[in-house]
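The values are calculated or read from the model by the stated rules, or taken from the named source; none is laboratory data. On a predicted model such as this, the values are computed, not experimentally measured, just so you know. Note: ideal-geometry Cβ built from the backbone for every residue, glycine included; neighbour counts use all protein chains shown. SASA here: full protein model, heavy atoms, side chains in, ligands and nucleic acids out. Shrake-Rupley method; radii C 1.70, N 1.55, O 1.52, S 1.80 Å.
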Amino acid sequence: MTITDPGLRGVAVTSTSIGDVRGDEGFYHYRQYSAVELARSRTFTDVWFLLAEGRLPDLGERARFDARIAARRALPDALQALLPSIADACGTDLAAGLRTALSVLGPLHGLRPLWDTGPERGAEDVLTVCAATPTVLAALYRLGEGREPVPPRADLGPAANWLWMLSGAEPAPEHVRAVDAYLVSTVDHGFNASTFTARVVASTGADVASCVVAAIGAFAGPLHGGAPDRALESLDLIDRDAGGSPERWVADRLAAGERIMGFGHAVYRGPDPRAALLRDVAARLGGPLPERAADAERRITDTLARLRPDRPLHANVEFQAGVVMAGCGIPRRMFTPTFATSRIVGWCAHVLEQAAERRLIRPSATYAGPPAPEPVPAV
C-alpha cells in the first residue's frame, strides 16, 4: 500500500510501549500512567526510571537512581576545556553548542554503535548522555554570559540541579517543584519530529550520541522545541504592536497570514492537557505574569474561535511553559534548552526500543517528477 502525506499524519511506522498521545481525547500517557497525573504527583527521576525500567520506583530505588544520574553529570576534562571555544563559536545558538559538545562526549566516553552492544551497555550510554546534557547546556549559557560554569551537585535532583547550575544560587523549593512538573510533562510526546528522527538514526545501529545529535537538529526548529520563548514573546508583541489588546493582535496576525505561536497543535484538536497542567503550576507560583498570561490566553482563544470558527485553536504547551519557566527565574533563552534536558530522556528511551528491533527504517517516496526514462540529450 502506498500512502502519500507530506507530514506522515496518521501513518503508524512502528509500535511502542513507551507511551502514546490520544489527540482526540486530549490525553497522553507514559507507559500505563497518565502523564498529567505523573507530573502532579511524582518526580522527574521517577518518570525517568519509569521510561528506563518500565515501572515506577519505590523510595529506595529513586534514591539509588538519583545517585546514578548524579555520578554521570560531570564532564570529561577534555570536553570542559573545549566548552569556551564552543560557546564562542555558537553564541546564543545553544542547540548547536549542545550538538557539538555531545559529538565530542561520545568518543570521549567510548560510546559504541548500538548494533555492536547489548542492552546493558546501551542503557549505560543513555544514562551518560542524558545526565551530561544539562551540565553542557548550563555551562554554555554561563560562558556565553561571561561567567564561569557552576559545577553540578550530587545532592540535588535533576530539577534542583538545573536551577543551581543556571544561577549558582540555592533553588527555592516551589521553583524546584514547578520545574520538576514541567520536565515530567514534556519528557515524551509520541512520534514527534525529533523522536522520530532519533529512532531513524537508532535503526541504523548508530551510537547513542549520534542519535541524540540528530534529534537535537530536528528539535531546534521553531515549529518544534524552539517555540517556548517565541510563544512568551506574544505577550510582549501584544503590548508593542496592539496597544495591549490580544484581540487586535490576533486579528492583525491572521490578516497578515502569520502563525499564532503558542496556539494550535498537530495532534490535539481540543485543549492541550499539558497547557492546562502548566497553567495550574504557573498560578501556584503567583505573581502578575501568570494572571496576565491566563487573561491573554482566554482572549486569544475567544478571538480565534470567532475569526476561525472552522478551525478552533487552543493554547499549547509552549505558551504556558514559558510562563512557568519565567516564574522560576529561568532566562528566556534557556526555555528551549530546559525543554531539551527533559526530552532527551524520552528520545533515549525510544532509541533503545528502536535499537532492540534491529531493523532499518527505510521508507519510500512517491515520485512526482517528469516521466522516466527520457533519452539523455547530447551536448
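What length, rounded to one decimal in nm, is gained on full extension from Arg358 through to Ala255, with 0.36 nm per residue of separation minus their alpha-carbon distance?
Details: separation 103, 0.36 × 103 = 37.08 nm, distance 4.93 nm.
32.2 nm is the gain from fully extending Arg358 to Ala255.
According to the square roots a ≥ b ≥ c of the eigenvalues of the Cα gyration tensor, what is the shape class of segment 102-165, taking rounded for a/c under 1.5, prolate for a/b larger than b/c otherwise, and oblate for the remainder? In terms of gyration-tensor shape, oblate. Rolling a 1.4 angstrom probe over the protein heavy atoms with all chains in place gives segment 9-78 an accessible area of 52 Å² per residue.
Counting helices only, and only those DSSP H runs with n ≥ 4, report the 222 nm mean residue ellipticity of the chain as the sum of -39,500 (n - 2.57) divided by its residues, in deg cm²/dmol to the nearest 500.
Details: 16 runs with 223 residues, N = 379.
It lands at -19000 deg cm²/dmol.
Here the Karplus curve 6.51 cos²θ - 1.76 cosθ + 1.60, taken at θ = phi - 60°, turns the phi angles of segment 77-86 into couplings of 4, 5, 6, 4, 5, 8, 4, x, 5, 5 Hz, with x standing for Gly and Pro. Take Tyr30: with every protein chain present and a 1.4 Å probe, its accessible area is about 0 Å². Taking the Cα centre of the chain as origin and assigning +1 to Lys and Arg Cβ atoms and -1 to Asp and Glu Cβ atoms, the resulting dipole is close to 240 debye.
Modelled label positions at Ala378 and Arg121, each set 7 Å beyond Cα in the direction of Cβ, lie 5.9 nm from each other. Of the solvent-accessible surface of segment 123-211, computed with a 1.4 Å probe and all protein chains present, 59% belongs to carbon and sulfur. Accessible area ranking (1.4 Å probe, heavy atoms, ligands and nucleic acids excluded), largest first, for Arg311, Arg142, Arg62, Arg359: Arg359, Arg311, Arg62, Arg142. For segment 282-359, a/c is not less than 1.5, where a ≥ b ≥ c are the root eigenvalues of the C-alpha gyration tensor, and a/b does not top b/c. That puts it in the oblate class. Rolled with a 1.4 Å probe across the full set of protein chains, the surface gives Glu61 an accessible area near 40 Å². Residues with amide H under 5 Å of Tyr30's amide H, sequence separation 5 or more or different chain, H placed in the peptide plane at 1.01 Å from N; which? Close amide H contacts, sequence-distant or interchain: Ala35.
In this simple spin-label model, placing a label point 7 Å from the Cα along the Cα-to-Cβ direction at both Arg308 and Gln32 gives a separation of 3.9 nm. When you restrict to C-alpha pairs under 8 Å that are six or more residues apart and normalise by the size of the chain, the relative contact order lands at 22 percent.
Charge dipole (Cα centre; +1 on Lys/Arg Cβ, -1 on Asp/Glu Cβ; no other charges) of segment 228-379 amounts to roughly 300 debye.
Counted residue by residue at 0.36 nm each, then reduced by the alpha carbon distance between them, the extension gain from Ala242 to Arg269 reaches 6.9 nm. Put a dot 7 Å past the Cα of Gln80, heading toward its Cβ, do the same for Glu61, and the two dots end up 3.4 nm apart. Taking the charge dipole of segment 164-286 about its Cα centre, with +1 at Lys and Arg Cβ atoms and -1 at Asp and Glu Cβ atoms, the residue from Phe196, Ala283, Cys211 reaching farthest to the positive side is Phe196.
Starting from the Cα gyration tensor of segment 1-112, take the square roots of the eigenvalues, sort them a ≥ b ≥ c, and report rounded, prolate or oblate (rounded when a/c is under 1.5, otherwise prolate if a/b is larger than b/c, else oblate).
Details: a/c = 2.30, a/b = 1.28, b/c = 1.80.
Oblate, because a/c is 1.5 or more while a/b does not exceed b/c.
Taking 20 Å as the cut-off, the amide N atoms of segment 264-278 that come nearer than this to a point 7 Å along the Cα-to-beta-carbon line of Arg9 belong to 264-273.
This model, with +1 at the C-beta of Lys and Arg and -1 at the C-beta of Asp and Glu, gives segment 21-164 a dipole about its Cα centre of some 140 debye. Find how many whole Å separate the alpha carbon centroid of segment 256-296 from the alpha carbon centroid of segment 130-166. Between the Cα centres of segment 130-166 and segment 256-296 lies a distance of 27 Å.
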